[in-house]
Structure formats: structure tokens, C-alpha cells
Amino acid sequence: MTDASRVLLGLGGCVDYELKLTAGVLEQLVADYNISAEELASPVAVGGERDLVVSILQYVARGGGGEQYVASAAALGTFANRFPHRVALGGTSVRAGIVMSRLGVPSTLHLVSINDTMRGLLSPDTEYISSSVEDTFYPHLIVQYDAGLRIRTGDLDITAPYPNRLIYVNDPANGAMLLADELGDRLSKASVFLISGFNAMRDQEELDRRLTELRSHLRQLPPDAVTYFEDAAFHEPAFSRHVRDALLEVIDVYGLNEDELQSFIGHPVNLLSATEVADALTALHALIAVPTLVVHTKYWVAAFGERADQYADALDTGTVMATARYRHGDNFTAADVDHLHAQPRWPESITFAAALHERMGAAVRCVPGFVLDIENPTTVGLGDTFVGGFLAAVAEPRLLR
């Protein structure tokens, strides 16, 4: 088994309030706040609960996923309490660590916030370091919705074309992203390092300081270690390029989902068109010149770049784990994972993967997604679960064969 010190997952974590949208509650809120259809046409900065409802409706109408900052922390709790919701651990690094633990690959978390809820939900064998000098509690609102969710009231009539998840945040600890003094020493023993969480920062000077500090810590990372950067929706969109420019030369694998891919490209991409995806990957690599790009979508996952071939098993492990979560939520078992290996892949994705390989050759490895027909899927944490499966295979490939 891998020593926990060999896999370091950062940089922040949190407590999540997870809920599933229902039409009745949303329709009542639309009526109470007198929200009109025309308001869904323009982007909204989320101040209070009314803005939050408008933002959610905008995403639901197109079946999109995303993450936004909310100026009012109280609005998050108010909205969550309108629905049945569960308390869970969140953050890419924390969820990835949970998945890796299930696969028998231990890891160490770098946290910026800790509290009794987190201590109670972390596995007893989980190791962590924290930059927090006192307990803090800033829960994130995680909103799931199913395909077919219809909101019809007043002049508004929308139906979700796809299931997805939304993240709404007011979290000063992750916004500051303080780094633990011992991070560099921990990195000196690591063979895998996950970087995530800078998307929550909102102050440019503070971000610059943090990036400088991280680069200093990274000098202690062994040269043969794999550094994986997972992208996310930046609360301040201009900071995305700023972070990339500062860290690009130390990133081995750069991961992102379909929403982030299309945001970078600047236009929608038909995810089952080999021509459009090949063009998108080529354009993306011109913007993000790392050794390997990894894109995870609802239809397939792909690695593109000079080392794509070496991550074939990691792509598949990540796909299996994310699919298990989609089907069974947090409660998926080893038997569920074993069962998935024998299940068919989606025919359209198989055809697409073959066409993409034919078009792009050895520069790409594409793994088709599974056939899925789930009435109540889990859409929260799928990307994080993919990252956990991917990194488990990178850290301990023999264990997972």
C-alpha cells in the first residue's frame, strides 16, 4: 500500500450542504420574488437569495453546471433550509482523497479550514495538515437538479435538458487560501500532488502572494513527481489566466470538465463530434501548454498531449469511479465498482472515441463513458471523484490492476 505521505492533495476543503431542486419550491420562489423570464437572459452577480434563484434558473435552462460567489452568506443557509439537504465534505481534494482511500491508496490533505463537522466526517485514518489556526465553518451550497426538471410559473417555462450541479460559495478561509508552513516539507516526500482551490480567491494581491509562496514550496517536490492541476469556475474570471501563467511550468496534468473546456474555447462544442473536439483540444492546448490535458465529460474522458498514452489506465479508473458515484451516490461499494467493469459503454461514445483516435493519433487517449439510465443520479462531486480515481491509478497502478 502507498504511504499516505506520497500523495498530497490540496489546497482546500469545506463542508457542503447538498440538496436536490424541486419544481414546487422553485416556482414558489419565482412567484414570491416576482422573477420574469427576461431576467434569465443576462448574467447575474449573486448578492442575496433572489439573485441566487435567478442564477440557478439560468443554469437549469441550459443544463449547465458551474460555481459562483455569493455576497450574502446568510442567503446560502436560507436557501438550503427550504429543501431537505445533507451535510457532507466537499472540495476537490477532500472528495478525491475519500475515493482514493476506498481504492486502498491513502493520502494526506492540505486544508485551510477545519471544524468539528469536518473532523467527524473525515475517515479516522485520514491524515491532514491545516493552515487554519482556529476552527472556521463556511458551508458551501451544492445544488443538484435532474434532467426534465420543469419550472413553469408566470411567463417563465423552462425544462432542464441535462442533469447537473451548481456550487455557491461564501468562504473567507478558501478565499484566503493560506498555506501551511510545513507544505514544502510534505512535498519533499510526495510522488503525486493535486493543486485545486485557487478559483475561490477574490483578491489579486493576496492571490499573487499565495502563488509565490506555493512556487517556493514546490521547489522541494521531487522532479519525478506528478503535479495535477484541476480547473474550476473562477469567482473572478480574470484570475484563471493569472494562476495558469504562474503555475504552468510546474503542471504535468491539467484537468477540466466540459463546461470549462467550452468556456476556454469561447463557443459550444458538440461533444460527440470528433472534428469539433479535436479542434477544441488543439486550441485548448495552445492556451494551456502543459505536457498532458485531461478533459472529463458526461460522454467520455480524454488525455491529450505528449504523455497521453501513459494515462490510459488512470482515465479508465477515474471513469469507473465517477460512474459509480453517479449511479449510487456516496454509498457505492466495491461490489458496485466491480459490477461496472462488466457493463457496456455507450455506443455513441465508443464510435466517437474511435473517430477521435483516428483523427488525432497517438496524441490522444479517449475512454468512452458507460450506458446510463438512472432515474435519480448523483451529479455532485463527479469531477472530484474522477480525479480521485485518476490519481489513485497514477500513485499505485499495480494495486488497481
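Just a few scattered comments:
- Ellipticity estimate at 222 nm from DSSP helix runs (n ≥ 4, -39,500 (n - 2.57)) divided over the chain, nearest 500: -12000 deg cm²/dmol
- Linear extension gain, A312 paired with L372, 0.36 nm per residue minus alpha-carbon span: 19.4 nm
- The range 150-212-the range 310-354 distance, computed between alpha-carbon centres (Å): 25
- Only one residue of I195, I151, A176 has its Cα farthest out toward the positive end of the dipole of the range 143-209, where Lys and Arg carry +1 and Asp and Glu -1 on Cβ, and that residue is I151.
- An oblate overall shape is assigned to the range 315-401, the ratio a/c of its alpha-carbon gyration tensor axes (a ≥ b ≥ c) being 1.5 or greater and a/b not exceeding b/c.
- For the pair D279 and N34 in one chain, pulling the backbone fully straight at 0.36 nm per residue adds 83.9 nm over the alpha carbon distance.
- Calculated accessible area for the range 131-179 comes out at 42 Å² per residue, all protein chains present (probe 1.4 Å; ligands, DNA, RNA ignored).
- Farthest positive-ward along the range 21-118 dipole, Cα basis, beta-carbon charges - from L103, V46, Y69: L103
- Taking every protein chain into account, the accessible area of the range 262-401 amounts to 44 square angstrom per residue (probe 1.4 Å).
- Residue among Q204, Q144, Q58 with the largest mean-square fluctuation in a Gaussian network model of the chain, springs linking Cα atoms under 10 Å: Q204
- Per-residue HN-Hα couplings for the range 146-163 [Karplus 6.51, -1.76, 1.60; θ = phi - 60°; Hz; x = Gly/Pro]: 8, 4, x, 4, 10, 10, 9, 6, x, 9, 9, 8, 10, 9, 5, x, 9, x
- FRET E, pair A289, R82, Förster distance 35 Å, beta-carbon r, rounded to 0.05: 0.20
- Protein heavy-atom surface of the range 240-314, 1.4 angstrom probe: 47% of the accessible area is carbon and sulfur, with nucleic acids and ligands not counted.
- The alpha carbon centroids of the range 220-290 and the range 43-80 are separated by 25 Å.
- Start at zero, step by 10 Å, and the Cα-Cα distances of the chain spread as 5, 23, 34, 27, 10, 1, 0 percent across the bins.
- Cα-centre dipole for the chain with unit charges at Cβ (Lys and Arg positive, Asp and Glu negative), debye to 20: 600
- Diffusion coefficient, µm² s⁻¹, Stokes-Einstein with Kirkwood Rh over alpha-carbon pairs of the range 81-124 at 10 °C and 1.306 mPa s: 135
- Long-range HN-HN contacts of V226 with modeled amide H, under 5 Å: V192, F193
- Listed residues F137, F198, F386, most fluctuating in the chain (Gaussian network, C-alpha, under 10 Å): F137
- Distance between modelled label sites at D116 and L272, nm, 7 Å Cα→Cβ extension: 5.1
The values are calculated or read from the model by the stated rules, or taken from the named source; none is laboratory data. Just so it is clear, the structure is predicted and the values come from calculations on it, not from any experiment. Ideal geometry is used to build each Cβ from the backbone, glycine not excepted, and the neighbour counts take in all protein chains shown. Ligands, DNA and RNA are stripped out before the accessible areas are found, and what is left, the full protein with its side chains, is counted by its heavy atoms. Shrake-Rupley method; radii C 1.70, N 1.55, O 1.52, S 1.80 Å.
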